[in-house]
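These notes concern the structure reproduced below.
The values are calculated or read from the model by the stated rules, or taken from the named source; none is laboratory data. Note that the structure is a prediction, hence the values are computed from the model and not measured. All Cβ positions, even for glycine, are placed from backbone atoms using ideal geometry, and neighbour counts span all protein chains on display.
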Amino acid sequence: MENFDIILVLARIALDADAPRAVQQIGRLKGVLESSDKDQAEKLGRLLTRAGRKHAMSPLAMNEMRATADAARRQLPGEVLSAATPVPTDRETGTPLARIIFPSVDRNEEPILNKALRAAVSDLIHEWKKGEELARIGARPHMRCLLYGEPGVGKTKLARYLAGQLGLPCVEVRLDGLMSSFLGTTARNIGALFDFADRYRCVLFLDEFDAVAKARDDAQEVGEIKRVVNTLLQCLDGRNGRGVTLAATNHEHLLDSAVWRRFDSRIAIGKPDADARELLLKHFLEPLALRDPEISLLVWATEGMSGADIEMLVEAGKRFLVLHGNRPDRDGDERPSTPEEERGPMILESLRRQALLNVRLFNANRAELLMGDRDHLASALETVGLKQAEIGALLGLSQSAISRRKKRTGESDLRLEDAHHG
């Protein structure tokens with residue numbers, strides 16, 4: 001389409017104005033272009049996707065957050081926490097013991113989680129929205145929740161999201177930062193922190209929870225840690241019913257059993273499954289838009305990775321594309337322009353480069369296949385539903401090489417079938 005750059009600018013302006021008819025017409029234009037110019041259709045598709053996310057976090061979403069916050073305020077005692085409220089500090093060093101994160105629609109994007117976990121988190125949020133109904137029958141929402149799992153799976157992001165959904169400020173504390181070499185100071189810091197959280201309506205988020213809540217029978221720990229854990233138990237008991245307390249740990253096995261029992265809800269945050277990895281990849285890849293076979297390759301390659309690992313891998317891939325001669329599109333800000341027949345092999349080469357430089361990032365089997373010969377890799381990619389032509393495009397094979405591979409694998413399949421019937 002001629003003058004598409006001008007049409008793209010007009011489409012952006014129309015979508016920024018949040019006009020429903022504009023969305024409908026741009027969607028129609030995208031449908032027409034899908035049969036004639038896939039690149040232009042992809043650009044319009046990305047504009048519509050961004051507009052959809054913006055609409056999802058529009059004033060309507062803010063009103064829902066405010067309604068939930070009003071419900072929380074009716075249920076919880078305490079004063080309003082503002083940006084001007086001084087936070088408690090360590091008496092010896094003057095270091096702040098916490099930082100305050102205030103609720104915001106812009107920063108309260110829903111984390112990408114596995115389907116079952118997403119449902120559990122949704123139930124937890126809805127408990128708060130039904131808090132008054134629960135109170136009428138003598139029940140209440142979960143007030144203390146422990147999030148545990150490996151590093152990089154999104155525990156901190158989930159805690160901030162939950163606080164944002166409640167419409168309450170998040171008093172965020174790294175408990176390893178409360179530890180002090182001065183006798184009795186750590187316990188005093190914990191007490192001051194809980195006194196602060198109990199005074200105001202807020203969500204208290206205790207990150208790196210195992211730094212303080214270690215088992216008291218650990219032979220490696222001195223008597224001071226026992227006093228600290230006792231203080232923590234008393235503070236958790238005293239806070240029950242006064243506010244929401246979230247805690248996160250990478251090492252749940254280190255927690256004292258009495259501390260573990262203090263939490264109403266204990267949520268295991270696992271590594272993303274294939275569906276969640278696909279959503280994470282598409283999110284981190286923006287504004288790049290890859291085809292389905294390329295996404296399938298990346299989903300396969302990232303098995304066993306955390307969300308943080310996937311983000312790091314995508315960042316490395318973007319740098320690889322820029323460093324290897326891609327040019328910006330005519331509109332200057334959409335994505336590097338790589339011919340479609342070259343993009344798959346470049347993505348594969350980027351994965352191989354990362355498997356060489358950062359082998360511990362990958363599942364051992366995936367790293368071995370990426371670094372091995374193309375036939376073994378092609379066979380592995382067949383198991384995720386990719387067609388021979390798609391695999392050939394990803395591996396940079398010529399049409400004749402793809403045809404030879406089809407013939408070779410077809411003959412192999414026939415021999416297996418004959419052996420089975422024989």
- Query: Does the stretch 235-254 contain any residue that is modelled with pLDDT of 90 or more, touching a helix residue (DSSP H, G or I) at 6+ places or on another chain (Cβ under 6 Å) and part of a helix (DSSP H, G or I)?
  - Reply: yes
- Message: Being on the phi > 0 side of the Ramachandran plot and either surrounded by fewer than 21 Cβ atoms within 10 Å (Cβ to Cβ) or in contact (Cβ under 8 Å) with a residue 24 or more places away in the chain (or both) is the requirement here; does G164 meet it?
- Response: no
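Looking only at the stretch 352-366, how many residues end up being among the aliphatic types (A, V, I, L, M) and surrounded by 14 or more Cβ atoms within 10 Å (Cβ to Cβ)? Reasoning before the result, please.
Step one: list which residues in the stretch 352-366 are among the aliphatic types (A, V, I, L, M), which gives 355-357, 359, 361, 364.
Imposing the further condition that a residue be surrounded by 14 or more Cβ atoms within 10 Å (Cβ to Cβ) reduces the set to 355, 361.
Going through the stretch 352-366 one residue at a time, the tally reaches 2.
Residues are listed down the side, and each one gets a yes or a no for (1) in a loop (DSSP other than H, G, I, E, B); (2) exposed (fewer than 14 other Cβ atoms within 10 Å of the Cβ); (3) modelled with pLDDT of 85 or more; (4) touching a Leu at 6+ places or on another chain (Cβ under 9 Å):
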site	(1), (2), (3), (4)
S350	no, no, yes, yes
L370	no, no, yes, yes
E390	no, no, yes, yes
L397	yes, no, no, no
A401	no, yes, no, yes
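Residue-wise test of (1) at pLDDT 75 or above; (2) surrounded by 14 or more Cβ atoms within 10 Å (Cβ to Cβ); (3) touching an Asp or Glu at 6+ places or on another chain (Cβ under 8 Å).
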position: M1; (1), (2), (3): no, no, yes
position: A11; (1), (2), (3): yes, yes, no
position: P20; (1), (2), (3): no, no, no
position: K43; (1), (2), (3): yes, yes, yes
position: S58; (1), (2), (3): no, no, yes
position: A71; (1), (2), (3): no, yes, yes
position: A83; (1), (2), (3): yes, no, no
